[in-house]
Amino acid sequence: MEDQDVIKALAALAQTHRLKAFRALVVAGPAGLTPGVLAERLGIPANTLSFHLKELTHAGLVGATRESRHLIYRVDFTRVQALLATLMADCCAGDGSCMPALAPTLDAASCCGSLT
């Protein structure tokens with residue numbers, strides 16, 4: 001992952017409403033959530049949430065798909081995994097000795113099943 005992508009992703013998460021929305025979508029897993037359900041759960045007005053979801057989408061952390069009349073927002077776990085791997089690439093002076101301990105947290109498939 002390029003440095004600019006990392007900066008964009010971290011900047012998107014550096015705001016309370018966006019971080020809460022991201023966390024709620026992580027909890028929802030591959031099923032995702034509609035903006036209405038997400039706004040209700042977080043107690044955020046829909047128009048405010050829409051702005052924050054746009055920022056998370058622009059950063060590549062979440063994506064939306066249309067299902068019938070609804071938009072469903074989901075975390076892009078592959079992208080999040082790439083972000084975490086990039087952040088941890090040089091751990092332990094780059095020898096990778098700490099990666100086995102981190103591997104479960106970096107394996108999106110084991111966390112959420114098949115994400116394709």
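Throughout, read-outs are computed from the coordinates displayed, never taken from laboratory work. Computed from a predicted structure; not experimentally measured. Note that we place each Cβ from the backbone using ideal geometry, even for glycine, and neighbour counts take in every protein chain shown.
Things to note:
- Residue that is surrounded by the fewest Cβ atoms within 10 Å (Cβ to Cβ) [pool: residues in region 39-58 that are within 17 Å of the chain's Cα centre (by Cα) and of a type in the set (D, E, K, R)]: 54
- Filtered residues of region 3-33 (kept if surrounded by 15 or more Cβ atoms within 10 Å (Cβ to Cβ) and touching a His at 6+ places or on another chain (Cβ under 8 Å)): 8, 12, 17, 18, 21
- Qualifying residues in region 59-80 (those that are part of a loop (DSSP other than H, G, I, E, B) and not charged (D, E, K, R)) - the one surrounded by the most Cβ atoms within 10 Å (Cβ to Cβ): 61
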